[in-house]
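Please read the structure below before turning to the comments.
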Amino acid sequence: ETMRTWMRDNPNVDMFTIIQSDTGIYCQCNQCMAMYDTFGVGPGAGYGDFAGRNLWFVNQVAAAVEDEFPDNRIATWAYGATRNPPKGIKAHRNVVICYLPIERCECHAIDRGPINDDYYAFAQGIRQWQEIAGEVHLWDYGFAGILTIADNARAARRLGMTGMKVDAIIDIQSGFGFLRYWLWAQSMRNADWDDDWGMREFLGAYYEAAGVPIERYIRLVANPRNYEPLSAKRMVIWDVTSAHNLV
């Protein structure tokens with residue numbers, strides 16, 4: 001009923017969202033534990049089981065509102081404890097999966113590099129979600145990966161993703177935020193644009209003479225050779241288990 005109210009109050013909006021809390025804490029009641037067993041693919045907590053339970057719930061809402069709103073879509077996250085795809089369940093026809101690889105190495109596009117491609121196997125996870133859902137979108141954070149924003153848009157296209165969202169927090173201008181928004185906007189319009197030229201154009205217009213040393217700094221800190229020699233443990237790579245331990 002809450003979702004119906006949102007949809008009635010916002011007739012110009014075609015996508016609404018049901019997402020998990022941004023935490024590693026998860027319900028351990030008997031019903032949820034049984035659902036984890038049903039949808040999990042192992043090994044251990046978080047490998048599909050949390051995603052399956054969430055998707056089951058979202059599917060119920062999506063089915064309940066489609067009679068009144070057949071053209072509206074409901075998005076849900078594949079993020080953190082729900083990033084791994086579940087077994088034995090399909091997304092309802094109007095459900096969109098937003099894949100949020102917050103853990104990704106931002107020195108590379110999502111399907112490139114030893115961390116993204118080998119350690120996390122994001123591309124494989126996306127393909128598995130595409131077998132479950134008709135629409136899978138990429139949610140890009142780009143906290144530090146300024147130089148791979150356009151690469152990530154191109155990767156999303158390579159992987160057959162049907163949409164892209166970005167984490168543009170307009171009130172927190174850290175990490176060259178305005179530059180990131182500019183690069184995101186241009187990349188989502190045309191993933192094949194010359195993003196190197198675009199970055200230089202923005203830096204020159206925004207920082208004037210300071211644009212040249214700022215570009216050198218950005219390229220220095222984004223160089224993957226600074227990070228690749230480190231092991232996954234040394235890089236403090238996130239995983240579901242460590243997230244639960246931190247909580």
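The values are calculated or read from the model by the stated rules, or taken from the named source; none is laboratory data. Remember, predicted model here, so these are calculated numbers, not experimental data. Reconstructed Cβ throughout: ideal geometry from the backbone, glycine too, with neighbour counts over all protein chains shown. Ligands, DNA and RNA are excluded from the accessible area calculation, which covers all protein heavy atoms including side chains. Shrake-Rupley method; radii C 1.70, N 1.55, O 1.52, S 1.80 Å.
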(request) Calculate, in nm to one decimal, what Ala64 and Ala121 gain on full extension: separation in residues at 0.36 nm each, minus their alpha carbon distance. (result) 17.1 nm
(message) Could you tell me the relative contact order of the range 57-114? Use alpha-carbon pairs under 8 Å, at least six residues apart, and round to a whole percent.
(response) 36 percent
(message) If you roll a 1.4 angstrom probe over the protein chains with everything in place, what fraction of the accessible area of the chain belongs to carbon and sulfur, to the nearest %?
(response) 54 percent
(request) Quick one: angle between helix 49-65 and the longest Cα principal axis of the chain, in degrees between 0 and 90, rounded to 10, please. (result) 70 degrees
(request) Please list Arg158, Arg216 in order of solvent-accessible area, largest first, computed with a 1.4 Å probe with all protein chains present. (result) Arg216, Arg158
(request) Would you please give the residues with an amide H less than 5 Å from that of Val166, counting only those at least 5 places away or on a separate chain, with H modeled from the backbone geometry? (result) Asp140
(request) Calculate how steeply helix 195-207 sits against the longest principal axis of the alpha-carbon atoms of the chain, using the helix alpha-carbon long axis, and give the answer as 0 to 90 degrees to the nearest 10. (result) 70 degrees
(message) Test of understanding: what is the full-extension gain from Arg154 to Cys32, defined as 0.36 nm times their sequence separation minus their Cα-Cα distance?
(response) 40.1 nm
(message) Counting heavy atoms of the protein chains only and a 1.4 Å probe, report the per residue accessible area for the chain as a whole number of Å².
(response) 53 Å²
(request) Quote the FRET efficiency, to the nearest 0.05, computed for Ala210 versus Phe178 with a Förster distance R0 of 22 Å and r equal to the Cβ-Cβ distance. (result) 0.95
(request) Would you mind getting the Kirkwood hydrodynamic radius of the chain from its Cα pairs, rounded to one decimal in Å? (result) 19.5 Å
(request) Taking the chain as the reference, fit the longest principal axis to its C-alpha atoms, fit the long axis of helix 30-39 to the helix C-alpha atoms, and give the angle between the two in degrees, 0 to 90, nearest 10. (result) 70 degrees
(message) Could you tell me the relative contact order of the chain? Use alpha-carbon pairs under 8 Å, at least six residues apart, and round to a whole percent.
(response) 16 percent
(message) So for each of 123-133, 49-59 I average, over its residues, the number of other beta carbons within 10 Å; can you give me the resulting order with the highest mean first?
(response) 49-59, 123-133
(message) From the helices alone, meaning DSSP H stretches of at least four residues, give me the mean residue ellipticity at 222 nm for the chain, per-run term -39500 (n - 2.57), in deg cm²/dmol to the nearest 500.
(response) -12500 deg cm²/dmol
